[in-house]
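*Asks:* Please find one structure pasted underneath; my questions will follow.
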Amino acid sequence: MATDLRVRFLHPSGAIGPGKIALLEAIDRTGSISAAARSLEMTFRRAWFLVETMNTAFREPVIRTSVGGREGGGAGLTPLGQEVVARYRQVEEDARKAAEPHLRWLDEALKAEVAATVDAPADEMPADNTAVDDSGS
């Protein structure tokens, strides 16, 4: 199935979506905010801002950090952070299952060439919104 969906939790204290979840997972995997940022091709400044945003939005931190030194610095998910990721991924999976017949219908209703360009930046889209023929002919 080519058509997919993205889940975003919206709350007055902040939103959690695919980007923040990817950052949480990368921090969990790498043990470092800077390494997580590099793996996601994100600036450290942006990653740190997102970490602070998430830690401020929740009643308790979702990411714990430790300052460098003899033991070295690092970062990791708190139990709440692990729960946020797990619940986000579960909601995403449940939503995808529920939407599957509709997504399948969209796949069949959309032209393959147009569907492939939906995520393309506007400057890569043809001016007349027709599909680009990339077959080489």
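*Asks:* Considering only region 15-37, I want to know if a residue exists there that is over 30 Å from Glu108 (Cβ atoms), touching a residue at least 24 places away in the same chain (Cβ under 8 Å), in contact with a Ser or Thr (Cβ under 6 Å, 6 or more places away or on another chain) and assigned to a helix (DSSP H, G or I).
*Replies:* Yes: one or more hits.
Here's the yes/no breakdown for (1) modelled with pLDDT under 95; (2) more than 30 Å from Ala99 (Cα to Cα); (3) of a type outside the set (A, V, I, L, M, F, W, C):
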position: Ala2; (1), (2), (3): yes, no, no
position: Leu5; (1), (2), (3): yes, no, no
position: Leu10; (1), (2), (3): yes, no, no
position: Gly14; (1), (2), (3): yes, no, yes
position: Lys20; (1), (2), (3): no, no, yes
position: Ala37; (1), (2), (3): no, yes, no
position: Leu40; (1), (2), (3): no, no, no
position: Trp48; (1), (2), (3): no, yes, no
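*Asks:* Moving to a separate point now. Quick check: is even one residue across region 49-66 part of a loop (DSSP other than H, G, I, E, B) and β-branched (Val, Ile, Thr)?
*Replies:* For region 49-66, residues part of a loop (DSSP other than H, G, I, E, B) and β-branched (Val, Ile, Thr): present.
The values are calculated or read from the model by the stated rules, or taken from the named source; none is laboratory data. Every value quoted in this text rests on a predicted model; they were computed, and no experiment measured them. All Cβ positions, even for glycine, are placed from backbone atoms using ideal geometry, and neighbour counts span all protein chains on display.
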